[in-house]
Each structure stands twice: as structure tokens, then as C-alpha cells.
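**Student:** One structure, pasted below without further comment.
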Amino acid sequence: MKTEALARDLKDFGLFRGLAVPWSAAEDGALFVRGAFRRSLDRWRRSGNPLPLLDSHQARSVRNVIGKVVDAEETDAGLEIIAQLVPTPDGDRIRERLELGAVTGLSVGVKVLRERRPRQYERDAGAMRVIEEAALREVSLVVFPAHSGARVLALDEDPPKTWTPADRLVLRARVHLMRTRAMAYDIAPDKDLPRTWTPEDVLRLRIRVQAMRTRAMAYSL
């Protein structure tokens, strides 16, 4: 029962799964081959550093960071990711666009480390350059992806298999903190809210907090 409750809370934190890089030529002629991200993903996992999820590759401000990649692996289809939107009004607005299907595109920011000219069969498939190794810097939600197959595949994704008990404990702590802070809003609704927030933002937060408080009952079962 507690596992089911945790999964429900994870959905409130905006997890989604997507295919960030298919193993076929993009419209711009770039072809990533399987294995291109293997070393980069290994370094990322060992480092413990965040892999940002950006809004359309914009990185001039921290406000352009709309979430983070929590898991990534190379599969038969391509580079698949599980990402998490920030639990803020901005994250809620992006989630609404994903639910509507208004935005589904994914794109990656990389540093190309090794590439070659395409072979004949690769040129026949539309490739103009073949990227054999790349360092993954970020993943972005975009309106027009460079590859038409780079898309969000599923919302409300289950927790990544790579998450450790410590990862789950951290999330439980965040959920508990949100429920604790919710009590303050009954006394001082505007406490610690950003000045730029609109009444709509405040309403969204109140709805979100109420949902958390309702789901909190499941933890005691």
C-alpha cells in the first residue's frame, strides 16, 4: 500500500518518459548511432550532478530549467529518458501542455566528440553526418524537434528502476515538507510566496497542497 501511495505522489511531481534521440537520421541529417551516449551516461551517473531539462535549449537563466532528467538509457529505439518537471506553477503549466498534446517534442544539447562521414546506406537513409560519440549536456522540451520521432511517450511514469531507497527517501521527505508547509497556508496564505506570483498561481498552489494532504492519508495505511 505504501508503494502505491508513493507512486501516486510521484505523479504529482511530473514524471514523464520520452525518446530523446532515435537511432535514425534527423531532418537536419544528423544520425546518432547506438553507443554514442554510453560513456557520457556513465560519467553522469557517477558524478551525481543534475542533467537539466530545459525550455527550448534556453540556458541563460535558472528560470529556463523546467526540471531534470532522473534516468536515461540507450534502448533499441534510441536514447530514452525519464524526466521530472519542477513542482511549481511553471511546471504545472508545462504539464498542462503535455497533457493536451500541445507540446510533445524533445531535443538534446550535446558536445560532439567523434563523428564520421556517412556510409552509402546511411546516406540513402538521409544521413549527412554520423555521430559516434557525444557528451549529453541537457534535454529540452521543444515545439519543433530536429527529429520528428523525438517525442514524449508517456506522462505519469512510474519511478525509474535505477532509483535507490535513498532516492525514494528524499522524495518522501519532500512530500512531507510540502504537507507540513501546507498548514501555514491556513494561517498566512501569502507567506513566502514570490512577489511575481499571480492570484492564479496562488490558487494552483492551494489546489496542489490540498491534493497532497488528501494523498497523505495513504501513508498511514
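The values are calculated or read from the model by the stated rules, or taken from the named source; none is laboratory data. All values derive from a computational prediction rather than experimental measurement. All Cβ positions, glycine included, derive from the backbone under ideal geometry; neighbour counts span all protein chains shown.
**Student:** Are any residues in segment 110-141 surrounded by fewer than 18 Cβ atoms within 10 Å (Cβ to Cβ), more than 18 Å from GLY29 (Cβ to Cβ) and out of contact with any Lys or Arg (no Cβ under 7 Å at 6 or more places or on another chain), and if so, which ones?
**Tutor:** The one that is surrounded by fewer than 18 Cβ atoms within 10 Å (Cβ to Cβ), more than 18 Å from GLY29 (Cβ to Cβ) and out of contact with any Lys or Arg (no Cβ under 7 Å at 6 or more places or on another chain): LEU113.
**Student:** From the set of residues in segment 110-153 that are under 28 Å from the mean Cα position of the chain (by Cα) and among the hydroxyl-bearing types (Ser, Thr, Tyr), which is modelled with the highest pLDDT?
**Tutor:** Across segment 110-153, the extreme among qualifying residues is SER140.
**Student:** Hey, can you tell me all the residues within segment 33-57 that are among the acidic types (Asp, Glu) and in contact (Cβ under 8 Å) with a residue 24 or more places away in the chain?
**Tutor:** ASP55
**Student:** Do you know which of the residues in segment 25-47 that are in a helix (DSSP H, G or I) and small (Gly, Ala, Ser) is modelled with the lowest pLDDT?
**Tutor:** That would be SER47.
**Student:** Another question, if that's okay. Out of all the residues in segment 48-57, is one or more in a helix (DSSP H, G or I) and not aromatic (Phe, Trp, Tyr)?
**Tutor:** no
**Student:** Select from segment 104-144 the residues that are over 15 Å from LEU54 (Cα atoms), hydrophobic (A, V, I, L, M, F, W, C) and not in a strand (DSSP E or B) and list them in ascending order.
**Tutor:** ALA125, ALA127, MET128
**Student:** Kindly indicate the residue of segment 75-103 that is of a type in the set (A, V, I, L, M) and free of Cβ contacts under 8 Å to residues at least 24 places away in the same chain and also farthest from PRO52 (Cα to Cα) among those meeting that condition. I'd like the intermediate steps shown before the answer.
**Tutor:** Let us first name the residues in segment 75-103 that are of a type in the set (A, V, I, L, M), namely 77, 79, 81-83, 85-86, 94, 98, 100, 102-103.
Still in the running and free of Cβ contacts under 8 Å to residues at least 24 places away in the same chain: 100, 102.
On the way: LEU100: 23, ALA102: 22 Å.
Only one residue fits best here, namely LEU100.
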